[in-house]
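Colleague: Following this message is one structure expressed as structure tokens.
The values are calculated or read from the model by the stated rules, or taken from the named source; none is laboratory data. Since this is a predicted model, take the numbers as computed values, not measurements. Neighbour counts run over all protein chains shown; Cβ positions are idealised from the backbone, glycine included. Heads up: the accessible areas ignore ligands, DNA and RNA and are worked out on the full protein's heavy atoms, side chains in. Shrake-Rupley method; radii C 1.70, N 1.55, O 1.52, S 1.80 Å.
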Amino acid sequence: MSSSRKTVAMSGRNKRETENSRVNINVVQLEGLALMKIIKHCHEEGAGNTDVAQGVLLGLVVDERLEITNCFPFPRHADDVDEEDYQLEMMRHLRKVNVDHLSVGWYQSTQLGNFITTQLLESQFSYQTSIEESVVLIYDPIKTARGFLSIKAYRLTPEAINTVQERDYTPEALKKGRLGYENLFQEIRLVIKNSHLVNTLMCELYEMMPSSEGMQFLDLGTMSTLDRQLRCLMDYVDDLSQEANKFNNFQRQNAKQLQDKHKFMQKRAAENAQRQARGEPPLPEEDISKQFKPIAPLPRLDAMITSGQISNYCKQISQFCSQSLGKLQDIEPQSSEEAVERPSALPHPPHQRRLRKNVDKGEARLDACRASVMGEFRVRGSDQRASTGVLGWRRNSGSRSLRRRHLIYLEE
């Protein structure tokens, strides 16, 4: 399924008259029923493949709060279905049953936070320019399956809207518009609200739930998720490195062209000075831009989006690690108490047992060598005669093992 959607025409038909002032959304209030629909759709459609699940958000604006009360998915196979007519027909039916039918944005699933793309930027720009209060909800089913509900709301900043509207992504334009990857998207605070009847039902269901249910959320095996996030981060760092190399090549080519142009102008000025000294007319001025064609500026949109995705990955990894460390901190007191009560309950790992066994064998052999050497000294009598006799006997003996034993004793 394509990540970009036909939103301009659909949003243009449903465009609502707003106030002259700019709409300011400070908080997004999401109904629990709409959230369950989003989760169900993303898990059903996004399971087992790399396609993203997308849909329309319905609700209304109250002061500076955007309330999302309902949603419906986009058709999955839209080859023979007009998405524009489908969405209008769905809104018309919802209006007949007295359900909120005003479009306030759209939602999309993602895999491990990989959602900052050019398609998302274009789609959100189409929504936000047609319906000013539009937001995009990003839901991550993989992180939710690990016990962390991951759903966030985003909007384009005014600087990003102006830049996308002008379609100029050169470094000069981005610098003039004060646009960077930090202020490309604005995260809106999201709260989940349920009615009192839904809260009562959830309490009853919680009491009916078996005690073993939900224990998988306490799993400490986070290496698989962290490994995948780090691999994705490495891939994006490689992409950013390639973008940096392209920009460096552009800078070198531009600097070389400026040097060639400066040398040409100096050479032409010297020739005109010589011709003027000889009384000849100067050479006609030529258009330098024809001889030195300007190099097309390199767009920086891809590099900016890649940087934004890298920043998003770093934030997610930091948050994920902090939550995992919190789990480890919670189980540490309990583990220490069990270790005190049952000191021999947890055996040593196999490699530690093998190492300990080898150390014990070495100590036993060393004790035997010391005992044999001390016995020889006692037989020979005094310390001086024993040392002389041992040294003389060691020189005449052909046993290497006995030589090692006497040398160890003499060194000690």
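Colleague: Using the Kirkwood radius built from alpha carbon pairs, what does the Stokes-Einstein equation give as D for the stretch 27-217 at 25 °C and 0.890 mPa s, in µm² per second?
Modeller: Details: Rh = 18.4 Å.
Value of D from the Cα-based Kirkwood radius: 134 µm²/s.
Colleague: Arrange the residues Lys293, Lys176, Lys193 by how much accessible surface each exposes, largest first, with a 1.4 angstrom probe.
Modeller: Details: Lys293 150, Lys176 175, Lys193 100 Å².
My answer, sorted largest first, is Lys176, Lys293, Lys193.
Colleague: Using amide H atoms built 1.01 Å from N in the peptide plane, name the residues 5+ places from Val104, or on other chains, whose amide H lies under 5 Å from its own.
Modeller: Under 5 Å from the amide H of Val104 lie the amide H atoms of Leu57, Leu58, Gly59, each far enough along the sequence or on another chain.
Colleague: Restricting to Cα atoms and excluding each atom paired with itself, what does the Kirkwood estimate give for the stretch 55-134 in Å?
Modeller: Values: mean 1/r = 0.0720 Å⁻¹.
Over the stretch 55-134, the inverse of the mean reciprocal pair distance is 13.9 Å.
Colleague: Between Asp51 and residues 5 or more places away or on another chain, which pairs have amide H atoms under 5 Å apart, with H built 1.01 Å from N, and which residues are they?
Modeller: When sequence neighbours closer than 5 places are left aside, there are no close amide H contacts.
Colleague: Hey, if we sort Tyr154, Tyr127 by accessible area with the 1.4 Å probe, largest down, what's the order? Before the final figure, lay out the partial values.
Modeller: Working: Tyr154 25, Tyr127 0 Å².
Listed by decreasing accessible area, they come as Tyr154, Tyr127.
Colleague: Using a 1.4 Å probe on the protein heavy atoms only, what accessible surface does His93 show? Give it in Å² to the nearest 10.
Modeller: 90 Å²
Colleague: While we're here: Given R₀ = 30 Å, what would the calculated FRET efficiency be for Phe148 paired with Asp85, taking r from the Cβ atoms and rounding to 0.05? Don't skip to the end; give the middle numbers.
Modeller: Working: r = 38 Å, r/R0 = 1.27.
With R0 = 30 Å, the Cβ-Cβ based efficiency is 0.20.
Colleague: For the stretch 27-217, what's the relative contact order in percent, using C-alpha pairs closer than 8 Å and at least 6 residues apart? Each step should come with its number before you reach the end.
Modeller: Values: 272 pairs, mean separation 41.2, N = 191.
It rounds to 22 percent for the stretch 27-217.
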